[in-house]
Amino acid sequence: MQPSDAFAAYALTQVMAEYEGVCYMRTLRPDTEFIYSDDVVFNLGGFEVLNEGKDIAILAAGYMVHEANRAIELLDQKGVSASLIDLYSLPFDAEGVLDIIGAAGGNVITVEDNFGGGIGSAVADALLDSGDAFTLKQMHVKRIPKSARTPEELLKVCGLTSHDIAKTAMEMLGV
């Protein structure tokens, strides 16, 4: 599990407490705005569609949902319609996610503030297993920055800011 706000963290903690088996939660450190309210139901294997679009799908979890949400606004200003999925749980409902990606033209970006092998790899496996034609770009930490003063500077060094996400989307779409 990787919650993107306090409501999600609380709800997912309750879900984990009821699950008979091993669970792991990766939480975020910075103060973040609320995305959810206490009426949202979170499930193991679930995801939340935060924005529906027709040109490209962006899948993120944790803090990166906030950066991706800002990227959605930047893309909207450029006339690009993007879906945003909070993929808070691995494994996830692959069929449901693939339906959303398919509705977004088969173009997908995964964004994670960690080394590759998490969301990007899980989505790549689902895309491969489907046998359909998709275009995937994985955005993740490729090297550890030596120093930065703020979390924003860290994201910039890693190429994971909202502007980086929007730029990648525009490049994928040839806009």
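The values are calculated or read from the model by the stated rules, or taken from the named source; none is laboratory data. Here the structure is a predicted model, which is why all the values come from computation and not from measurement. Quick reminder, even Gly has a Cβ in these numbers, built from the backbone with ideal geometry, and neighbours come from all protein chains shown. Surface accessibility is based on the protein's heavy atoms, side chains included, excluding ligands, DNA and RNA. Shrake-Rupley method; radii C 1.70, N 1.55, O 1.52, S 1.80 Å.
Extension gain Y24-V49, at 0.36 nm per residue separation less the Cα-Cα distance, in nm? Don't jump to the answer; show the numbers that get you there.
Values: separation 25, 0.36 × 25 = 9.00 nm, distance 2.22 nm.
Length gained, Y24 through V49: 6.8 nm.
R0 = 30 Å: FRET efficiency of A17 with A148, Cβ-based, nearest 0.05? All intermediate terms of the calculation are to be shown ahead of the outcome.
Numbers: r = 36 Å, r/R0 = 1.19.
The calculated FRET efficiency here is 0.25.
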**OP:** Could you please put F34, F115, F7 in sequence from largest to smallest accessible area, using a 1.4 Å probe?
**Re:** F34, F115, F7
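Ignoring any ligand, DNA or RNA, what whole percent of the accessible area of the stretch 41-110 comes from carbon and sulfur when the probe is 1.4 angstrom? Before the final figure, lay out the partial values.
Values: 1190 of 2650 Å².
Summing carbon and sulfur atoms, their accessible area is 45 percent of the total for the stretch 41-110.
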Subject >> Under 13 Å from the Cα of K78 - aspartates and glutamates, other chains or at least 8 residues apart >> reply: D55, E171
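Give the ranking of H140, H66 by solvent-accessible surface, highest area first, calculated with a 1.4 Å probe.
Details: H140 35, H66 10 Å².
Ranking H140, H66 by accessible area, largest first, yields H140, H66.
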Original post:
Considering the chain, what Rg and Dmax in Å follow from its alpha-carbon atoms?
Top reply: 15.5, 48
**OP:** At q = 0.11, 0.17, 0.24 Å⁻¹, work out log10 I(q)/I(0) for the stretch 41-127 with the Debye formula, treating every Cα as an identical point scatterer and leaving solvent out; two decimals please.
**Re:** -0.25, -0.62, -1.24
Original post:
Taking the simple approach of a point 7 Å from Cα along Cα-to-Cβ for both L128 and E33, what is their distance in nm?
Top reply: 3.8 nm
**OP:** Name the lysines eligible as straight-distance cross-link partners of K146: C-alpha to C-alpha under 28 Å, and not fewer than 8 places from it in the same chain.
**Re:** K137, K156, K167
